[in-house]
1. Could you check Q354 against (1) within 18 Å of L518 (Cβ to Cβ); (2) open to solvent by 60 Å² or more (accessible area, probe 1.4 Å); (3) polar (S, T, N, Q) and say which number it fails?
2. Output the residues belonging to the range 297-319 that are under 23 Å from Q354 (Cα atoms), open to solvent by 10 Å² or more (accessible area, probe 1.4 Å) and touching a helix residue (DSSP H, G or I) at 6+ places or on another chain (Cβ under 8 Å).
3. Taking the options A378, A385, name whichever one is in contact with an Asp or Glu (Cβ under 9 Å, 6 or more places away or on another chain), small (G, A, S), within 26 Å of Q436 (Cβ to Cβ) and surrounded by fewer than 22 Cβ atoms within 10 Å (Cβ to Cβ).
4. From the residues in the range 337-368 that are under 22 Å from S183 (Cβ atoms) and of a type in the set (A, V, I, L, M, F, W, C), which one is farthest from the chain's Cα centre (by Cα)?
5. Spot the failing condition for T170; the list is (1) in a helix (DSSP H, G or I); (2) surrounded by fewer than 21 Cβ atoms within 10 Å (Cβ to Cβ), and only one is missed.
6. Specify the residue that is modelled with the highest pLDDT; the eligible residues are those in the range 54-70 that are open to solvent by 10 Å² or more (accessible area, probe 1.4 Å) and over 14 Å from S263 (Cα atoms).
7. Taking the condition buried (at least 17 other Cβ atoms within 10 Å of the Cβ), over 22 Å from the mean Cα position of the chain (by Cα) and touching a residue at least 12 places away in the same chain (Cβ under 8 Å), does L226 pass?
8. Just to be sure, is K114 among the charged types (D, E, K, R) and within 22 Å of the chain's Cα centre (by Cα)?
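The values are calculated or read from the model by the stated rules, or taken from the named source; none is laboratory data. Predicted model only: the values in this text are computed from it and were never measured. Here the Cβ is made from the backbone with ideal geometry for all residues, glycine too, and neighbour counts use every protein chain on show. Just so you know, the surface numbers come from the protein's heavy atoms only, side chains and all, with ligands and any DNA or RNA stripped out. Shrake-Rupley method; radii C 1.70, N 1.55, O 1.52, S 1.80 Å.
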Amino acid sequence: MMRLYRLLERLRACTEVLARHRQWCSIAELLVRFSSTKVAPRYRRMEYQVKELDRLNIIHVTGTKGKGSTCAFTEQILRNYGFRTGFYSSPHLVQVRERIRINGQPIGKELFTKYFWQVYGRLEETKDAHGGRMPAYFRFLTILAFHVFLQEKVDLAVVEVGIGGAYDCTNIIRSPWVCGISSLGIDHTSLLGDTIEKIAWQKGGIFKPGVPAFTVKQTDGSMKVLQERAEEIGCSLSVCPDLDEYESEGSLRLGLAGHHQRSNASLALQLSHTWLQRHFLTDPVLSSPVEFSGVNPAQAFRPSPAMIKGLAETEWPGRNQTLKRGPVTYFLDGAHTTRSMQACVRWFNEVATQHEKNAGGPVVRVLLFNATGERDCAAMLKLLAPCHFDFAVFCPNITEAIATCNADQQNFNVSVENMLTRCLDNQQSWRILNGQEEKPEEGLLIGGGLPLVAERNSDTLVFPCILSALQWISQGRDAVLSDPNKCIIPVKPSISAKAAPLREAVNIHVLITGSLHLVGGALKHLEPALNC
């Protein structure tokens, strides 16, 4: 497996800047003549044509916020009907295998290794015909996912778009059974455009002629663009009802916390309902393509017991997730846009306040934050400021400051110096938001050249990695983080002294947010089972 992950490191290190043009779909050229060379005896050697993806009976989902949760709801519902499901999502939290799931579970190491080398070997053999180049990281994983689903003979595949839609490499899908669009917002502007209308145009690119499409309620501007895209492409477009409009005895219970999950659940109900109708219909008239006839409200219906059970049983780690470890409670959410941060703040205030009512003593609130790429960190921190954190802690998305750090969680495109500079900038933004005066930066270094901890005020600190931040926050009160096998990164006595309130509090409440990669790095340490 180490050889495998070193190869993945090289693939990721060579990932090019994604181009905003149709060459992004060059993966189709690779798929047309892609075949596996070392297939196990029970599988026939075969060449894939793009049309063979039609056999996967795909549900294709895009959006800015909530597309992963929508896919998770949808997959769980259809699995409850007894179907063998495939689920392709991104990014992963801890292990790259999480991106490719069969029946809700990440594929095992042996299966991943087998299919990895089948795909890699074939692409290596044929690369001379394609300019001598191998596909970039995400494209490679997309090819791998489709190969796994075809070889494992799933009944359906739920496919989450990576970025955008129109030029995303998942959009080689020709004939999905149904398409969905979750809530739209501003993100990935360098690739998708800097207005909601431009982004909506990209997202609507997954529509296919005659294939029904559903969307949650959107702003007027984005809805107008989606309508134009549906008319241009030639498909129906329906707007999902509120979850309360579905006929059920009492409120539908969701396995995912947060009010914003209600629109994702409604979209999942429509997607699964439409997929089931096509699967079970025998009347060719009823199963014929549906053309554009304006934007219409989707009809609410009475969810089946399997649907109700599916919504309640859905799990999607790192999204509105609560983990209690004795006196320390972690609230994890990968919000990384202003809109998703608004939802995160609402959820955190509701659930943390409820926990604090039952604490029976003083509770210390801690923010652990980082963000990547072009995200507006200052805007997100401004939304977090009213949560009244006693400490704001910043760290890069480095799981631990040692050489054995998991390659699946490393970013090879950004230097450590740049990541730490971003953390210090975020610390300064937090100080300004809280009306604190700036102090000169203290140069505290460890042997490897990483800042051990930079302190500018008693309530803000920067740590070199996620583990060191979590260890300081928990102050030995989380047994999992106190494992003697974990490396303990020393801090100055003055920094340890700052933690007195954490040692004395009845409970410590930690909100970890700003980046799914940060959340994944935290879960690596908080949930050791995810590393298996």
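1. Every condition holds for Q354 apart from (1).
2. First, pick out the residues of the range 297-319 that are under 23 Å from Q354 (Cα atoms): 312-319.
Filter once more, so that each one left must be open to solvent by 10 Å² or more (accessible area, probe 1.4 Å): 312-313, 315-317, 319.
Matches in the range 297-319: E313, E315, W316, P317, R319.
3. Numbers: A385 fails: in contact with an Asp or Glu (Cβ under 9 Å, 6 or more places away or on another chain).
The unique qualifying residue is A378.
4. Selected residue: V351.
5. Checking T170 against (1) in a helix (DSSP H, G or I); (2) surrounded by fewer than 21 Cβ atoms within 10 Å (Cβ to Cβ), the one that fails is (2).
6. Top of the filtered list is N57.
7. yes
8. No: the conditions fail for K114.
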